Amino acid sequence: MEKDFEISVTVEDTDQLLSGAWLNISIIQVFVTALSELCIHDDCHPNSIGFMCPEMISATMLKSDADRILLYMTRSMSALSSKTFILCPYYEKSHWMLLVLCLSKREVYIFDSQQKKRNLMIKEPLNNVLNNRDH
């Protein structure tokens with residue numbers, strides 16, 4: 001069964017990407033969707049990778065409605081519990097990074113091009129949800 005979804009990519013989004021400017025949420029969502037589709041059609045075991053919506057887990061959303069985001073993360077981890085990894089593009093302080101959740105080990109791997117120690121706003125809520133979930 002195919003799922004219907006819609007992601008808008010504007011001319012400005014494309015201009016940003018092609019000019020080497022910062023990535024934005026639309027481009028990240030298109031990439032995640034394309035990666036998911038590639039996994040379905042190739043031999044990369046699509047059932048081993050899940051995704052969280054970058055907009056839902058952003059620092060901005062955490063500031064405005066932390067309870068909603070905790071519920072979203074809890075439900076996402078539950079729905080994706082059969083996955084080996086959950087990819088979570090994350091945006092905080094004008095910078096994108098990739099958080100990779102390994103549910104079986106209850107670990108979070110951070111891929112950050114700036115490679116500096118950060119105190120991420122999502123760290124505590126994400127660890128709480130990850131460590132308090134049922135297997």
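Worth a mention:
- So Ser36, is it surrounded by 14 or more Cβ atoms within 10 Å (Cβ to Cβ), at pLDDT below 85, farther than 21 Å from Asn128 by Cβ and among the polar types (S, T, N, Q): yes
- Just one of the listed residues (Leu103, Leu87, Leu99, Leu70) is surrounded by fewer than 16 Cβ atoms within 10 Å (Cβ to Cβ) and of a type outside the set (Gly, Ala, Ser), and it is Leu70.
- Members of region 111-135 found to be modelled with pLDDT of 85 or more and either loosely packed, with under 13 Cβ neighbours inside 10 Å or part of a strand (DSSP E or B) (or both), listed by number: Asn119, Glu124, Asn131, Asn132
- Taking the listed residues Ser26, Ser48, Ser64, the one that is hydroxyl-bearing (Ser, Thr, Tyr) and modelled with pLDDT under 70 is Ser26, with no other qualifying.
- Check on Ile69, under 24 Å from Val30 (Cα atoms), at pLDDT 90 or above and either in a loop (DSSP other than H, G, I, E, B) or of a type in the set (D, E, K, R) (or both): no
- Region 73-84: number of residues that are modelled with pLDDT under 90 and crowded, with 18+ Cβ neighbours inside 10 Å: 1
- Qualifying residue in region 95-104 (condition: in a helix (DSSP H, G or I) and either under 16 Å from Asn131 (Cα atoms) or free of Cβ contacts under 8 Å to residues at least 40 places away in the same chain (or both)): no
- Cross-chain or 6+ apart pairs with Cβ under 9 Å, region 70-84 first and under 14 Å from Val108 (Cβ atoms), then among the basic types (Lys, Arg): Met77/Arg133
The values are calculated or read from the model by the stated rules, or taken from the named source; none is laboratory data. Not measured: the values here are computed from a predicted model. For neighbour counting, all protein chains shown are included, and Cβ atoms are generated from backbone atoms with ideal geometry for every residue, glycine included.
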